Amino acid sequence: MITLYSGPLSLFSRKVEIALREKGLGFERVMVPFNQTTGYDPKHPEVTALNPKGQVPVLTDCGLVLYDSTVIIEYLDEAYPELPLLPASPADRARCRLDELYADEILFSALRPLMHRTSPPTSDQTRRMAQEADALIAEAALSRHYAVLDERLAGREFFAQNLSVADIALFMSVLFSQRLGGPSLAGFYGLAMWYERLSKRPAFAQVAAEIAEADRRLSFPVKRALKSA
Ligand SMILES: N[C@@H](CCC(=O)N[C@@H](CS)C(=O)NCC(=O)O)C(=O)O
């Protein structure tokens with residue numbers, strides 16, 4: 001029996017949810033508490049007990065306890081090889097892992113300066129203006145990343161030959177960029193088509209819908225955050 005500790009607005013947990021659903025694996029989901037003021041504090045006691053980093057995602061499977069989305073998805077791919085999420089050859093697997101790392105570390109860092117937009121706004125006007133100035137610089141960086149990804153796709157359906165963990169991780173970063181008011185995909189045709197295609201797959205659509213619902217419930221509306229900055 002697989003149990004996943006996830007968070008309503010946890011990019012890394014949602015990566016694992018997509019992988020589980022694409023593979024058709026049943027799982028019990030435990031949603032940990034989250035709000036835009038204190039984040040994940042106070043932490044879910046089981047997550048604190050199971051993960052020395054105190055973070056979601058955590059996955060348990062018949063007594064095995066794992067944390068970190070990359071480690072979890074690699075385990076799932078080896079234990080449940082139906083619909084492989086990593087390519088077959090060592091070189092292609094390595095390329096795919098690098099694309100996942102590009103999403104999780106490089107794109108994720110680039111979109112961090114947009115994250116204040118869904119939090120309750122600070123009453124400190126100078127701080128708000130500084131946050132938005134940083135966000136605009138980050139938007140320009142994100143556009144440059146979009147251009148790289150658009151060129152990498154070059155009209156192909158997926159980043160590897162088939163759907164892979166690279167698509168899952170990159171999709172989640174692009175989704176977060178969009179929900180945080182990042183640059184439009186309009187000027188990046190290949191990337192926009194890839195995003196639209198993935199958005200129609202049930203596993204991706206469910207995560208996108210649940211994140212939109214969580215934003216309505218938990219997040220400060222991004223447009224208002226921008227207008228009042
Ligand atoms: N590298 C980890 C990152 C996990 C992570 O940053 N989780 C966030 C939620 S998306 C978290 O639990 N943050 C709470 C904390 O760091 O205290 C992964 O891929 O799973």
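All of the numbers you see were taken from the coordinates with simple rules; none came from a lab. Only a predicted model underlies this, so the values are computations on that prediction, with no experimental measurement involved. Positions of Cβ are generated from backbone atoms using ideal geometry, with glycine treated the same way; all protein chains shown enter the neighbour counts.
How high is the relative contact order of region 90-201, in percent, with contacts defined as C-alpha pairs under 8 Å that are six or more residues apart? Don't skip to the answer; put the middle values down first.
Working: 89 pairs, mean separation 42.0, N = 112.
Value for region 90-201: 37 percent.
If you wrap the tightest convex hull around every Cα atom of region 86-222 and split its volume per residue, you get 100 Å³. Summary value for region 57-116: 14 percent relative contact order, contacts being C-alpha pairs under 8 angstrom separated by 6+ residues. Each of Val65 and Ala49 was given a label point 7 Å from its Cα along the Cα-to-Cβ line. The distance between the two points is 0.8 nm. Gain on full extension, evaluated as 0.36 nm per residue between Ala154 and Tyr75 minus their Cα-Cα distance, stands at 25.4 nm. Each principal axis of the Cα cloud of region 45-131 was taken in turn, and the coordinate range along them, longest first, works out to 52, 36, 19 Å. Annotation: for a label point projected 7 angstrom from Cα along Cα→Cβ of Arg112, no residues of region 35-75 have a backbone N closer than 12 Å. Within the chain, the whole DSSP H helices whose Cα atoms reach 24 Å or more along their own axis and whose mean Kyte-Doolittle score is at least -0.5 are 125-153.
If you look at the Cα atoms of the chain, you get an Rg and a Dmax of 17.7, 54 Å. Multiplying the residue separation of Gln178 and Ala147 by 0.36 nm and removing their Cα-Cα distance gives an extension gain of 9.6 nm.
Given a cut-off of under 8 Å on Cα pairs at least six residues apart, what relative contact order in percent is computed for the chain? Show your work: numbers first, answer last.
Details: 288 pairs, mean separation 55.9, N = 229.
Relative contact order comes out at 24 percent.
What Kirkwood Rh does region 2-79 have if only Cα atoms enter the pairwise 1/r average? Answer in Å. Walk me through the numbers before you get to the answer.
Details: mean 1/r = 0.0801 Å⁻¹.
Computed over region 2-79, the radius equals 12.5 Å.
In plain terms, the residue of Ser184, Ser69, Ser219 with the fewest other Cβ atoms within 10 Å comes first and the most crowded comes last, giving Ser184, Ser219, Ser69. Rounded to the nearest 20, the size of the Cβ-charge dipole of the chain about its Cα centre is 780 debye, with Lys and Arg at +1 and Asp and Glu at -1. Packing, as the average of other Cβ atoms within 10 Å across residues, places the peptides 125-133, 188-196 in the order 188-196, 125-133, highest first.
What FRET efficiency, computed as 1/(1 + (r/R0)^6) with R0 = 35 Å and r the Cβ-Cβ distance, is obtained for Ala140 and Leu101, rounded to the nearest 0.05? If you can, show how the numbers build up before the last one.
Numbers: r = 22 Å, r/R0 = 0.64.
Given R0 = 35 Å and the Cβ-Cβ separation, E is 0.95.
As a rough guide to protection, the peptides 38-44, 198-204 ranked by mean Cβ packing within 10 Å, highest first, stand as 198-204, 38-44. Subtracting the Cα-Cα distance of Asp92 and Met1 from 0.36 nm times their residue separation leaves 29.7 nm of extension gain. Entry note, the chain: the mean residue ellipticity at 222 nm calculated from DSSP H runs of n ≥ 4, each adding -39500 (n - 2.57), is -17000 deg cm²/dmol after division by the residues and rounding to the nearest 500.
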